[in-house]
Amino acid sequence: MSTRPLLGVALTALLGVGLGTPALAAGTPTPPTSTTAPAPSGTATSTAPAPSGTATSTAPAAAPTDRAAAPTPSSTPGATHPVSVGGVLFVSGVRTTYHPSWDPIGGTLHVELTVRNATDQVVDASASIGAATLLGVDLGNADSIAVQGLNPGEVRTVGTDIEGVGQWGPLRAHVTVAPPATLRGVTLQPLSRDRWLLVPPWYLLALVAAAGALWWALRHYRLVLAPRPVGGPRHGTGGRAPEVVVP
Amino acid sequence: MTIAPPLAHDDTLVLGTVVPPPPPAPRASSRRRVPRWVPRDRARATAGASVAAQVARLLAAALLALAAYVGIVSDLEHAIAQDQLHRTLSDQLAAGTAPVSEGDVDDVLLPNGAPVAQLTIPQIGLDETVVEGTDSSNLAHGPGHRRDTSLPGQAGVSVVMGRRAAFGGPFARLEELSPGSRFTVVTGQGKQTFEVIGVRYAGDAAPAPTKAGESRLILETARGPAFVPHGVVRVDAELVTETQPRGARYTTFPTLPPSDKELASDTSRAWALVFALQLLVVVAVGAVWTYRRIGPRQAWIAFVPAGLLAFLVVADQAVRLLPNLL
């Protein structure tokens, strides 16, 4: 049995997967983030990408490792106030929104993250936001976005727009939040979050489709319109020349 | 007078009459399709390349079809399962028989896949019925409650896992939850409201352990690009409504099956995959036999549905071997 129909069905299904994947992978249509709870400072947004560079904290890791997956219905003493839970800053994941452009190497990527101060002190922190391609090529960075005066229990959204994000397919948006080096004598470490999104390379796909159509057209018309040798076999005769009968 | 010039080959030119062409030369054996002037080693190489090309085509078709199953058909399977689970849970809630422990109302251990809660997170468009068990088969139907943990809203820690991309990807947008966001879980003990503490990766500082009488819910899914998981992301949430009493649990963490843990695959039904592959081979052989002996139309009509059915059975079993949070 010919496999061509099966391949056709499979390619159609692959196209469906390709069209469906961005919705699964990117999740870009995010609603505008609102600041909740006590929000005296509002949203800290920087629209001018700063020169590259990652804000890193030199504080050694002192936080406990991830053990919360195991059930721990313990009776550990602790305060009941929500800001007394372990940790200093709690963050959300990265939210992204891509605004396409007619320029194949244009487009704007909005990257944001929400930070919550879980202590009973005012905290000053900073955030570094960037995006990179699948191969790790930086597409833009905004370093040292100040998150100043984060009050106890406050939830604040930090975001930036990265310009010139081309249609490079899979992209990785990443945010690093650097808390103070120490707080009450406890050394702290930065928190990193990332998110993958898919920016379909429409121009490249169109180019490939045009090249495929051109190749098919050339192949088809070369077969149909190619000059036949004089006296040679015609199409449909099985390769044999017609018999010539001379009376 | 007939003059028959000495023409060779198939071209027969005669004057005055038609001379029948000489009988065709005996055809080569059907096994030998390579022209005679091709050296033997080259003929073998050509035949080998042809077989390799056919195998590559079949493998590519199988992989593409498997990708189509994971990306498209699995979503339908998940939607159908959710519809049935939601109806079952609604009936149980109305009758007051929804489970509040690891056993049902008759104290019989809950089977894997039984509905236990309704999880609603409007911020990310999530409204799913949670099932009991977290292996790959259970998470194909919806988010799963890990057996060794409390039910959401009960005292202690409750863990609910969900897929990120395949089978509807109910937890695809889980990371978008902000600290302070609230969502609800409806169980047999009523409506429980949780507030998000934060999103956590492996190695991050975990919230302090719960005290006696407190309840926490941990939502887990895969981290990384869709269909390419490389870690686990957790969302911690604390109960802000009244804590419910904890139901009896017979499964403990040491007795939890390995296939119920994060990013685990389920190999317990690999035997079913073997039988499914045998079914696919039988269907393929039958299709080829029908194509050659009876006709192409009959083969297409009879074996396209059978082939699709056999492939669905194979894909359904093969997907069980993939990570449960995929």
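The values are calculated or read from the model by the stated rules, or taken from the named source; none is laboratory data. Bear in mind that the values here come from a model prediction, so they are computed numbers and not experimental data. Backbone-built Cβ (ideal geometry, glycine too); neighbour counts: all protein chains shown. The area values use the complete protein model at the heavy-atom level, side chains included, leaving out ligands, DNA and RNA. Shrake-Rupley method; radii C 1.70, N 1.55, O 1.52, S 1.80 Å.
Where the centroid of each part is defined by its Cα atoms, how far is the range A:177-191 from the range B:261-280 in Å? Value for the Cα centre distance between the two parts: 47 Å. Modelled label positions at residue B:72 and residue B:294, each set 7 Å beyond Cα in the direction of Cβ, lie 2.7 nm from each other. Here the average projected area of the convex hull drawn through the C-alpha atoms of the range B:268-319 stands at 3.1 nm².
For the set B:177, B:273, solvent exposure ranked by accessible area (probe 1.4 Å, protein chains only) runs largest to smallest as B:273, B:177.
Which residue, chosen from B:251, B:319, B:305, occupies the Cα position most advanced towards the positive end of the dipole of chain B, where the dipole is computed from +1 (Lys, Arg) and -1 (Asp, Glu) charges on Cβ about the Cα centre? The listed residue farthest towards the positive side: B:305.
Over all pairs of different C-alpha atoms in the range B:82-132, the reciprocal of the mean inverse distance, the Kirkwood hydrodynamic radius, equals 11.4 Å. Put simply, chains B and A cover up around 5100 Å² of each other's accessible surface, both sides summed, when a 1.4 Å probe is used. A Förster distance of 35 Å, applied to the separation of the beta-carbon atoms of residue B:238 and residue A:205, puts the FRET efficiency at 0.15.
Remark: the range B:268-319 carries 67 Å² of accessible area per residue (probe radius 1.4 Å; ligands, DNA and RNA excluded).
Once the C-beta distance of residue B:212 and residue B:83 is scaled by a Förster radius of 25 Å, the resulting FRET efficiency is 0.05 to the nearest 0.05. Compute the label zone of residue A:183 within the range A:91-112: residues whose backbone N is under 12 Å from the point 7 Å along Cα-to-Cβ. Under 12 Å, as judged by backbone N against the label point of residue A:183, lie A:91 of the range A:91-112.
Determine which residues of the range A:184-223 fall in the zone a paramagnetic label at residue A:133 would reach in this model, i.e. backbone nitrogen under 17 Å from the point 7 Å along Cα→Cβ. The answer is A:197-208, whose backbone nitrogens lie closer than 17 Å to the label point. Annotation: chain B has a Kirkwood hydrodynamic radius of 24.0 angstrom, from the mean reciprocal C-alpha pair distance. Taken residue by residue and averaged, Cβ atoms of other chains lying within 10 Å of the Cβ of A:182-195 number 2. Summarising the overall dimensions of the range B:226-272 from its C-alpha atoms, the Rg and Dmax are 16.1, 46 angstrom.
A probe of 1.4 angstrom, applied to the heavy atoms of all protein chains, finds residue A:202 with accessible area near 140 square angstrom. Note on residue B:127 and residue A:214: their simple-model spin labels are 5.1 nm apart, each label 7 Å out from Cα toward Cβ.
Radius of gyration (Cα atoms) of the range A:164-225, expressed as a multiple of 2.2 N^0.38 Å: 2.35.
Note on residue A:98: accessible area is roughly 40 Å² with a 1.4 Å probe, heavy atoms of protein only.
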